[in-house]
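Here is the structure we will look at, set down as structure tokens.
The values are calculated or read from the model by the stated rules, or taken from the named source; none is laboratory data. Being a predicted model, the structure only gives us computed values, none of them experimental. Don't worry about glycine lacking a Cβ; one is built from the backbone with ideal geometry, like all the others, and counts go over all protein chains shown.
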């Protein structure tokens, strides 16, 4: 495969530019153009002969919009085509505090979570950092609006693509790139304990979101195969370590599945679990009425059941909110649009 110049750090790009016989200062110009989301043809101060060299010798494995769905609330769901004709999804969301893009980190997913459409056809491959960046750049180009927040919560398990995801975050944070603060980036994991432990030492103050979805090992084993390898006790210990090293609040994702994990007893068990395993740690529970995925058969509970669940958590001193449903009238859940396409 030819060198992927969009995935390069600025110094790496400088070394590459020199290696193909160009002046080193050209790398800074090129880097800024690339991370503004421009194709080579529109880079006005890059010499034509240099562009020709890059077209011949290098690769920019960016993504292109295959199709999109626009919700009545302004949310946009993109199906992107990759350079090798694989498909991934991203979601552009408008909030009062700015625009957020939810990016995918893999083509498909091999984690096997029972409530998620992303896992239906397994994992095809990892995405490069360039392909993750391109999801943001394409959304900005399409909407004409700046992205201020990024969540790595789309298709795939970020810690199953560790090196590319860390490179992606560092490129996002680069002063010559988007210069996006790590505090505006969230990463969601299903609970890859070694990944959490390793990430805590990266020096990247990213908000960690952990997909918990059950108050005990038996229920979590049934819907999340990863729990059979890394049980809840191990997961919470890794979360505590992450908090101690980074000082960043831990957010727990909890998909409310009717008749499975959404009873008042489940709420009490969840509160007891978190208070025991993460005492004195700043935590937050993000409750998500499960998306109706036909292939999975799970259903969301009533509004009354959700409100009761929240009240039990709050009565026990656990901070919880119900995620605002955005894009409810389109296929905004991870994997749905891709599954339909393929």
Task: Test: residue in the range 18-26 that is farther than 22 Å from residue 171 by Cα, in contact with a helix residue (DSSP H, G or I) (Cβ under 7 Å, 6 or more places away or on another chain) and at pLDDT 95 or above - done: yes
Task: Breaking point among (1) in a helix (DSSP H, G or I); (2) crowded, with 18+ Cβ neighbours inside 10 Å, for residue 237 - done: (2)
- [ ] Evaluate the range 197-217: report whether one residue or more is more than 25 Å from residue 126 (Cβ to Cβ), modelled with pLDDT of 95 or more, in the same structural domain as residue 130 (by TED's automatic domain parsing) and not in a loop (DSSP other than H, G, I, E, B).
- [x] yes
Open item on the list: If I filter the range 171-190 down to residues being in a loop (DSSP other than H, G, I, E, B) and free of Cβ contacts under 8 Å to residues at least 60 places away in the same chain, which single residue comes out as surrounded by the fewest Cβ atoms within 10 Å (Cβ to Cβ)?
Closed with: 175
Task: Test: residue 287 is assigned to a strand (DSSP E or B) and either modelled with pLDDT of 90 or more or surrounded by 19 or more Cβ atoms within 10 Å (Cβ to Cβ) (or both) - done: yes
